Each structure stands twice: as C-alpha cells, then as structure tokens.
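Undergrad: Okay, here's the structure, questions in a sec.
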Amino acid sequence: MPTSVANRFLLLYGSQTGQAKAIAEEIAEKAGDQNLHADIHCLSLTEKKFFIEREKCVVIITSTTGDGEPPDTALKFVRRLRKKTLPDDYLSHLNYALLGLGDSNYTNFCNCGKSLDKRLQDLGAKRFYDSGWADDAVGLEVAVEPWLDGLWSALKRFLKLPGAEHGGGDADAIMTENKEMINGDSRLNGSTVIENGNKSRSADTQSVHSISNTIPVLTKDLTNGNNQNNLNNSNSAESSVPVCDINQSDCNNSSSHLEQTSSSEKHTDLLVKTLNGTKDNKSNESSMEEKTEASVKVSLPPLSESTLTVPLLPPPFLKIEYNQEQSIDVCDLPRQNDYDFPSAATPVTMATVSDIKTLTSDTAVKKAIFVELDITGSGINYQPGDAISIICPNDTNEVETLLDRLGVLEQIDSCLKILVIEITKKRNASIPKFVSEVSTLRHIFTTCVDIREPPKKALLRVLVEYTSDDAEKRRLQELCSKQGNEDYARFIREPSLSILDILNNFSSCLPPVDRLIEHLPRLQPRPYSVCCSPLTSPGKISFVFNVVETTAECGRTYFRKGVCTGWLEGMSHSAKRDKQVQDTTEKEIVQGIKQLEVSDIKIPIFGRTNQSFHLPDDVTVPVILIGPGTGVAPFIGYLDHRGSQQEAQAETQFGETWLFYGCRHKDRDYIFREKIEHHVSTATLSNLLVSFSRDEQSADAPRYVQDNLRSHGAEIVSLIEEKGAIVYVCGDAKNMAKDVNQAFIDIFSQCKGISSDEARKLVMKLRLHRQYKEDVWT
Ligand code: FAD
C-alpha cells in the first residue's frame with residue numbers, strides 16, 4: 001500500500017522466538033477493526049520491503065536476546081541506524097511507537113528496544129506514544145495489553161482519523177493526550193466489560209460482544225467434581241522405547257519417557273491427580289476448610305465482586321476433519337512443517353548419542369546428565385562457549401492424558417486435515433505455520449505445539465465459552481480480565497500451570513481440540529552450552545544439563561519433568577552403559593521394555609546463530625570464569641581448548657585462567673571434578689576456587705562463587721584493570737548472575753575506594769566493552 005494512504009502505518013517486528021512477531025501480527029489483524037491499515041514486515045527486510053527513511057508513522061515491536069543483543073532478525077536494521085555518519089536529523093520526519101520485549105532476570109532488560117528507542121530519538125524521530133517495556137519474568141501481557149489498548153487512539157489521533165478523540169498530527173501534543181487517555185477510557189478498546197451480575201457491554205462499538213451467565217463468585221471453592229477423563233491409570237514403566245526423533249516419536253504410539261522406579265511412581269501421580277479430582281476425600285475436606293485462601297480456582301473480594309473487563313472473544317478459525325479411512329505415516333511428515341527455527345544457523349541434523357551418563361550421585365538434589373553427540377558430517381561448526389539447540393517432543397503420557405481430557409483420545413492417530421473456517425471473522429486466518437495441514441493429533445500435540453506454557457489470557461477467554469459451570473466460568477473470566485492481572489500472574493504464570501492443569505482445575509471446561517490448536521504456541525527447541533572443544537573432541541559435541549522436576553502443588557495437578565530434560569533423561573535410562581545400567585536393563589527387559597544401544601539413539605539438533613561467548617583470540621589475555629553447577633559447562637570447553645593450544649604453543653606465555661566453581665556437596669554434585677583437577681595439574685587452570693553451599697564447614701568458609709570472588713577482590717581488580725582480563729559468567733540468571741554482578745560492584749568499590757554508584761558504572765562499562773560477558777538462563 002502506498003505510504004501516502006491516510007490510515008496506513010508501517011509495522012515492524014524483530015523476533016527471536018516468535019513472540020514479537022505474534023504481537024505484531026495481532027496488531028496487524030486488529031488494525032482492520034480500527035479502520036487502520038498496517039504494512040507489516042520483519043526488521044530483517046529493511047531496504048527490501050521497507051525504507052525507514054521514507055516513513056512517517058511506524059510501530060516497532062522488538063525483543064532482546066542473549067546478553068542484551070538485538071534478535072538476529074533485527075541486527076541489520078539496528079546496525080544501519082547505528083552508523084555514526086548519519087546526521088542528527090536523519091529521521092526527523094519519522095514518528096514512532098515502540099514496544100520492547102525482555103526478561104528482567106537478565107541484566108540488560110529490554111536492551112535492544114531501549115537502545116533503538118534512544119537511537120531513533122538521537123536521529124530526530126519523535127514518539128507519538130509512550131514506549132512500552134514488557135517483561136517476560138512477570139508475564140509479557142502485563143505491559144503488552146495496556147500498551148496495545150492505548151495504541152489505537154494514539155495512532156488515530158496522529159493520523160488525524162475519525163474516531164480519534166482529539167485532533168492530531170503533532171507527536172508531542174499527542175503524547176500529552178495519550179497519558180490522559182491511558183488513565184481514562186481508551187484502555188477499554190477491544191475489550192468486553194462484564195458488570196457484576198449478568199449484564200455485559202462492549203467498549204468497542206465496532207464489535208459488540210456479550211458474555212452470558214456471568215455471576216459473581218465470593219469465596220467459592222471449585223474443587224473438581226466430575227472429571228471426564230477415563231484414561232486407564234497405566235504404569236508408565238510399561239512404555240516402550242524412548243523416543244529420539246520427535247517425528248519418530250509418533251510412530252511408536254507410546255510413552256516417551258522410560259521412567260525408572262522412583263520416577264514412574266511420580267508419573268503415576270500424574271494420572272491419579274489428573275483423573276481423580278474427587279478421589280481423595282481428605283484433600284477435598286481440607287480444601288473446603290481453606291475457603292478463605294485465594295487460588296487458581298478460588299477468588300476473593302474485591303476481584304470476586306468486581307466488574308470485569310475481559311478480552312474480546314477471539315473468533316474460531318480452524319476446524320479439523322478426520323479421515324478414518326486414510327492411513328498416514330507421520331514419520332514422513334516434515335518436522336514442525338519445515339517451518340524455520342529463527343535462531344538456527346545450520347539445518348536440523350540427526351546427531352547420534354555416543355555417550356550419555358549421570359554425573360551426580362544418587363543423593364544429589366539436582367541430577368546432572370552428560371550427553372555426547374556425534375556430529376560428523378552435520379555441518380555444525382562450533383567454538384567453546386557456543387550452544388546448540390535440541391528439538392524435543394512433549395511427553396507422550398501427558399499428550400495422551402490431555403487428548404483424553406479433551407475427549408479425542410480415540411482419534412489420536414487418525415489422519416486429519418486442518419481447514420480454515422471459511423466464514424471466520426478472524427482476518428488473515430491461516431493454519432499455524434509450524435503445523436502440517438495433514439497430520440494426526442498425536443503428531444501435532446507431541447511435536448508441534450507447546451502444552452506446558454501457561455495459557456495466555458486469549459486462550460482463557462476462549463475456555464470461558466466452553467465451561468458449563470457458572471462459578472468456574474466466572475473464575476476463568478476473572479483470570480483473563482484486566483482486574484484479574486494479579487491473580488493471573490500469581491496463580492497461572494508463577495506456578496507455570498499448563499493447559500492440562502487448567503482443564504483439571506476447571507472440570508466443566510471442555511473446549512474442542514481445534515480451539516487449542518489455534519492458541520497453543522510453538523514448541524521451542526532448548527539450547528544447551530557445549531562443554532567441549534573441537535580441538536580435543538573433533539566430530540563430537542557434548543553438553544550437560546540438570547533434570548528439571550516440578551511437583552504437583554500450587555495449582556499444578558501432576559508431577560512433571562522438564563520437556564527436554566525429562567526426555568533426555570529417559571534416554572539415559574534406556575542406554576546400555578555400564579554394569580549398573582545393565583542391571584536396570586535386565587529389570588526392564590522383564591517388564592517388556594525394549595532396550596536401545598546408546599548408538600541407536602539419534603536426536604535432532606541445530607547450531608545457533610549470534611553467539612559471542614567465546615575465548616579471546618589472544619591467548620595471553622587472562623580469563624576469569626565464573627560458573628557454578630551446570631554453568632561450568634562452557635568453561636570445560638575453554639579449558640580443553642586452552643590445554644590443547646598450550647600443548648601446541650609451548651613457547652607462548654598464556655594468560656592466567658581463574659575458575660570460580662560452586663555446587664552443593666563435594667561428594668554429590670561436583671561435576672567434571674576429575675577434568676577440572678587435571679587442568680590444574682597441567683597448569684592450564686592457574687587458579688581454582690570451589691565453594692560448597694551445603695557441606696558442613698566453618699562459618700567463614702565460602703559458600704557461593706561470589707564469596708570466593710570477594711575473598712580475591714584485589715587480585716581480580718588488578719587482573720581486570722592491569723592485564724585486561726575478561727570476565728565470563730555462566731549459569732543461573734535469576735540469582736547467581738545478579739549476585740555475581742553485585743560482588744563485582746562491591747569489589748571495585750572497596751578496592752578502588754569509590755562509591756557503589758561509580759563501581760556500578762564501571763561494571764556496566766566492562767559489559768559494554770565486552771570485558772564482562774554473561775551467558776545465563778532461567
Ligand atoms: P521446561 O519444560 O522448559 O521447564 C522449565 C520451566 O518450567 C521453567 O523455566 C519454569 O518456567 C517452569 N518451572 C519449573 N519448575 C517450576 C516451579 N516449581 N514453579 C514454577 N515454574 C516452574 N540448561 C542446562 O541445564 N545446561 C546448559 O548448558 C544450558 N545452556 C543454556 C544455554 C542457553 C543460551 C540458554 C538460553 C539456556 C540454556 N539452558 C541450559 C537452559 C535449557 O535451555 C532449558 O531451558 C532447561 O534445560 C529446561 O528445559 P526443559 O525443557 O527440560 O524444561
């Protein structure tokens with residue numbers, strides 16, 4: 001559409017995992033309802049599909065990745081605008097609104113959006129609407145929803161379109177007006193208001209919408225009554241082979257995790273808790289007693305008495321047609337419909353598992369498992385510090401339980417075709433690009449869609465329509481309403497409830513499976529840092545991971561393991577490795593489980609783009625490595641690499657190498673101990689500082705990596721300031737990375753006699769100059 005058309009604006013997104021893209025697509029779709037037209041493009045198409053210099057009005061949605069980096073798709077655009085040669089008024093004709101997505105668990109929250117915002121201003125562009133910063137740590141929707149609600153009137157006023165409450169055209173004037181509007185009615189655009197009682201009114205005059213039977217709930221407990229699930233309580237130990245390729249997983253029609261005794265008990269838990277909501281009378285009684293406590297099912301005043309503003313009901317747009325006659329071999333289907341993985345630097349390759357073993361003792365709190373893959377001929381080239389992505393399937397048992405709960409278990413392996421409903425009101429409706437048009441429910445729910453991600457509010461809104469119990473209906477309305485933001489965050493997001501948890505908690509809710517396919521997000525690959533070097537392990541790549549385990553509490557209705565780590569752990573159980581495992585194998589054979597040789601197992605992986613957590617090229621530069629737990633993984637690769645380089649360059653004086661490592665117990669979870677001590681013995685590792693957080697020791701013994709850092713503050717400052725040492729931090733983003741950052745601030749403040757603020761700026765400067773690098777995850 002020509003840029004001169006009055007109601008047109010340019011809509012740009014920079015997405016890494018698809019969230020920014022999804023929000024941009026939602027804006028593009030809703031723009032039509034507002035009589036606006038969005039020309040939507042990925043930022044990567046700069047100078048191909050759009051020229052920012054020629055635009056007057058642009059809306060930008062961008063995420064941030066890694067250590068505050070732009071997503072891969074935004075790199076070219078960002079670099080272009082960063083050019084120092086651009087004059088200060090380069091974009092003075094441009095007016096924009098910007099929404100940044102980030103995660104405050106990481107130090108440089110929304111860094112891409114914030115830097116872009118500043119750069120646009122520096123180049124003379126003007127905001128016509130306040131920039132928004134959405135935080136994945138608390139739920140993107142908390143900031144995204146109000147930002148989107150205010151966007152429409154801001155756009156209309158800027159473009160001087162009818163329907164805008166005030167005259168427009170001047171971005172500064174509009175900014176002032178917007179602030180007033182955000183506190184007023186503009187928030188109601190595109191929402192339905194539910195009065196406390198039966199009456200509903202829509203704030204959006206173009207799409208009047210009402211919800212019937214909305215009743216207020218005071219402190220009503222919605223303890224499950226009649227769960228319709230009737231899947232037999234099958235023992236997961238009866239599952240067959242562990243599934244390796246997610247496509248092959250469909251072929252097996254069986255549970256994917258080979259649980260051992262203890263975990264199969266936990267798996268049984270999944271079925272019992274899921275299927276027998278009323279089985280345990282005791283728990284029923286106690287939940288009756290706990291009436292006054294809010295939970296995912298129970299609401300309290302003021303929310304329970306509040307008038308609610310809920311999202312408009314997303315129109316249905318997909319339908320499934322089963323063809324029982326036709327057979328389908330899902331192994332032939334392309335993985336996630338061959339839809340690109342945004343962070344993939346290489347094609348997906350099937351890598352053979354050449355080794356898989358548990359590194360921790362049986363008594364360790366967290367189990368760490370080591371996996372080595374043969375990547376010969378895969379085209380994956382890596383450096384120590386890189387990560388690979390693993391494409392994992394959902395747990396088959398969970399998929400079956402979910403489909404049973406939805407009443408479609410009988411059709412699980414039937415050939416189906418997904419069609420777009422011809423008369424749908426959804427604009428530009430299409431089948432999700434990561435789902436094949438012809439497939440089976442098992443294939444879609446095992447390999448394409450994420451069934452663990454807490455349902456978004458739009459999906460909760462859809463579920464309201466398929467809930468027969470009035471009290472449950474009202475509670476779902478609350479949870480997706482603006483007034484229920486806090487409850488949504490507290491009872492759905494924080495405990496990370498899955499769609500199955502929601503259905504188990506709301507037993508009268510029975511949505512058609514088609515609706516879930518419309519709303520469930522794509523199942524994402526999981527990245528893992530490599531813990532080897534191509535110099536010492538040619539043709540191989542290895543990584544180490546902790547098995548994530550989550551208990552059934554806080555609204556979670558079944559015990560679960562991490563999607564990827566649970567799947568990989570299942571493989572370690574089945575792999576015939578050593579005597580101990582062979583013994584287990586005998587047991588499993590009696591139970592009828594087919595055994596796999598480790599070399600039978602192949603898993604789909606790809607190399608990742610945009611990686612920069614690398615050793616300096618100059619081997620004389622000292623490095624300070626901080627990585628407790630599995631955070632040590634990349635540093636094992638570094639040490640192997642440096643060890644090999646040292647052997648090859650005996651004449652060279654290598655820079656010092658310090659490793660700060662930590663775990664709970666010396667005898668239970670000190671992973672890679674032999675290897676690390678070997679590197680000390682060969683002087684590849686000059687200084688090793690290990691802390692044990694749970695071992696009995698003197699009160700002043702270091703418990704955490706940051707304690708050891710503080711004890712060596714003066715040496716560290718001197719290494720950084722005088723010898724240009726580079727600091728690398730890897731592992732837990734939530735606590736460790738923040739504590740380590742603070743330790744550096746304290747050390748600089750103390751050793752240099754400067755204030756905390758000055759020390760903070762110094763650490764920030766180190767980050768900017770890439771002398772302080774983080775590779776952390778939540
Ligand atoms: P998921 O199924 O994704 O579950 C994990 C999620 O479950 C949590 O994020 C949380 O949202 C939720 N959850 C779990 N328990 C609870 C609870 N009690 N309450 C609320 N929510 C809960 N991991 C490693 O182990 N080793 C590595 O070397 C490694 N390298 C990485 C490198 C990068 C660049 C990145 C981005 C991540 C890395 N990770 C690494 C993390 C890894 O990618 C996975 O996120 C992790 O293994 C969990 O995956 P999963 O599928 O098993 O768990």
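Undergrad: If we sort 318-329, 50-61 on the protection proxy, mean other Cβ atoms within 10 Å, highest first, what's the order?
TA: Numbers: 318-329: 13.2, 50-61: 19.1.
Final packing ranking: 50-61, 318-329.
Undergrad: On average, how much accessible surface per residue is there in the stretch 8-189, in Å², for a 1.4 Å probe, leaving out ligands, DNA and RNA? Display every interim value, and only then the final one.
TA: Working: 7200 Å² over 182 residues.
Using a 1.4 Å probe on heavy atoms only, each residue of the stretch 8-189 averages 40 Å².
Undergrad: Among H769, G724, S749, whose Cα sits farthest toward the positive end of the charge dipole of the stretch 721-778 (+1 at Cβ of Lys/Arg, -1 at Cβ of Asp/Glu, about the Cα centre)?
TA: With unit charges placed on the Cβ atoms, the residue in question is H769.
Undergrad: Each label point is 7 Å from the Cα along the Cα-to-Cβ direction; what then is the distance between the points at D667 and R770, in nm?
TA: 4.6
Undergrad: How big is D for the stretch 673-744, in µm² s⁻¹ as a whole number, if Stokes-Einstein is applied with the Kirkwood radius of its Cα pairs at 25 °C and 0.890 mPa s? Numbers along the way, then the final one.
TA: On the way: Rh = 13.8 Å.
Estimated via Stokes-Einstein, D reaches 177 µm²/s.
Undergrad: Which cross-chain or sequence-distant (5 or more) residues have an amide H under 5 Å from the amide H of A733, H modelled 1.01 Å from N in plane?
TA: Counting only residues 5 or more places away or on other chains, the set is W777, T778.
Undergrad: Report in % the part of the accessible area of the stretch 623-777 that belongs to carbon and sulfur, leaving out ligands and nucleic acids; probe 1.4 Å.
TA: Carbon and sulfur atoms account for 45 percent of the accessible area of the stretch 623-777.
Undergrad: Would you mind giving the average projected area, over all directions, of the Cα convex hull of the stretch 8-189 in nm² with one decimal?
TA: For the Cα atoms of the stretch 8-189, the hull's average projected area reads 9.6 nm².
Undergrad: Leaving out ligands and nucleic acids, note down the accessible area per residue over the stretch 623-777 with a 1.4 angstrom probe, in whole Å².
TA: Ligands and nucleic acids excluded, the figure is 46 Å² per residue.
Undergrad: On to the next question. Using θ = phi - 60° and the Karplus relation 6.51 cos²θ - 1.76 cosθ + 1.60, list the HN-Hα couplings for the stretch 745-757 in order, rounded to whole Hz, with x at every Gly or Pro.
TA: Once rounded to whole Hz, the list reads 4, 5, 4, 4, 4, 6, 6, 9, x, 10, 6, 4, 5.
Undergrad: How far apart, in nanometres, would the label points at E758 and E437 be if each is projected 7 angstrom from Cα along the Cα-to-Cβ direction?
TA: Result: 6.8 nm between the two label points.
Undergrad: Calculated FRET efficiency, D618 and V5, Cβ-Cβ r, R0 56 Å, to nearest 0.05?
TA: It comes out at approximately 0.55.
Undergrad: Let me ask something else about it. Projecting each Cα onto the charge dipole of the stretch 8-189 (Lys/Arg +1, Asp/Glu -1 at the beta carbon, about the Cα centre), which of L12, L36, L81 comes out farthest on the positive side?
TA: Checking the options against the dipole of the stretch 8-189, the answer is L81.
Undergrad: Here's a follow-up. Extension gain D329-D88, at 0.36 nm per residue separation less the Cα-Cα distance, in nm? Before the final figure, lay out the partial values.
TA: Working: separation 241, 0.36 × 241 = 86.76 nm, distance 5.97 nm.
Between D329 and D88, full extension yields an extra 80.8 nm.
Undergrad: Continuing with this model, one more query. With equal scatterers on the alpha carbons only and no solvent term, can you work out the Debye log10 of I(q)/I(0) for the stretch 623-777 at 0.09, 0.10 1/Å?
TA: Debye output, listed in q order: -0.28, -0.35.
Undergrad: With a cut-off of 11 Å, note down the residues of the stretch 628-662 whose backbone N falls inside the zone around a label point 7 Å from the Cα of S718 toward its beta carbon.
TA: Of the residues in the stretch 628-662, none has backbone N under 11 Å from the label point off S718.
Undergrad: Next up: Go ahead and run the numbers for FRET between K319 and M350, Cβ-Cβ distance against an R0 of 41 Å, rounding to 0.05.
TA: 0.75
Undergrad: Continuing with this model, one more query. Measuring from label point to label point, each 7 Å out along Cα→Cβ, what is the D130 to K366 span in nm?
TA: Label at D130, label at K366, 3.7 nm between them.
Undergrad: Tell me, what % of the accessible area of the stretch 8-189 is carbon and sulfur with a 1.4 angstrom probe?
TA: 49
Undergrad: Sort 771-778, 67-74 by the packing proxy (mean of other Cβ within 10 Å over each peptide's residues), most packed first.
TA: 67-74, 771-778
Undergrad: Under a 5 Å amide H to amide H cut-off, with H placed in plane at 1.01 Å, what residues pair with H37 once short-range neighbours are removed?
TA: R8, F9
Undergrad: Treating only the Cβ of Lys, Arg, Asp and Glu as charged (+1, +1, -1, -1), what charge dipole size does the stretch 623-777 show about its Cα centre? Round to the nearest 20 debye.
TA: 480
Undergrad: Further question on the same structure: Given N residues in the stretch 495-569, what is Rg(Cα) / (2.2 N^0.38 Å)?
TA: For the stretch 495-569, the normalised Cα radius of gyration is 1.58.
Undergrad: May I pose another question? What three numbers, in Å, describe the spread of the alpha carbons of the stretch 439-520 along their principal axes, ordered from the longest?
TA: 39, 27, 19
Undergrad: If the chain between R54 and D700 were fully stretched, how many nm would it gain, using 0.36 nm times the residue separation less the Cα-Cα distance? Spell out each step's value before the answer.
TA: On the way: separation 646, 0.36 × 646 = 232.56 nm, distance 6.37 nm.
Separation in residues times 0.36 nm, less the Cα-Cα distance, equals 226.2 nm.
Undergrad: For A429 and Q121, calculate 0.36 nm times their separation in residues minus their Cα-Cα distance, and state this gained length in nm to one decimal.
TA: The span from A429 to Q121 would gain 107.3 nm if fully extended.
Undergrad: Still on this structure: Nearest 0.05, what FRET efficiency do A489 and S468 give at R0 = 25 Å with Cβ-Cβ as r? Kindly include the intermediate steps, with their values, before the conclusion.
TA: Values: r = 27 Å, r/R0 = 1.08.
FRET efficiency, A489 to S468: 0.40.
The values are calculated or read from the model by the stated rules, or taken from the named source; none is laboratory data. All values reported here derive from a predicted model rather than from experimental measurement. All Cβ positions, glycine included, derive from the backbone under ideal geometry; neighbour counts span all protein chains shown. Keep in mind that these areas ignore ligands, DNA and RNA; they rest on the heavy atoms of the full protein, side chains included. Shrake-Rupley method; radii C 1.70, N 1.55, O 1.52, S 1.80 Å.
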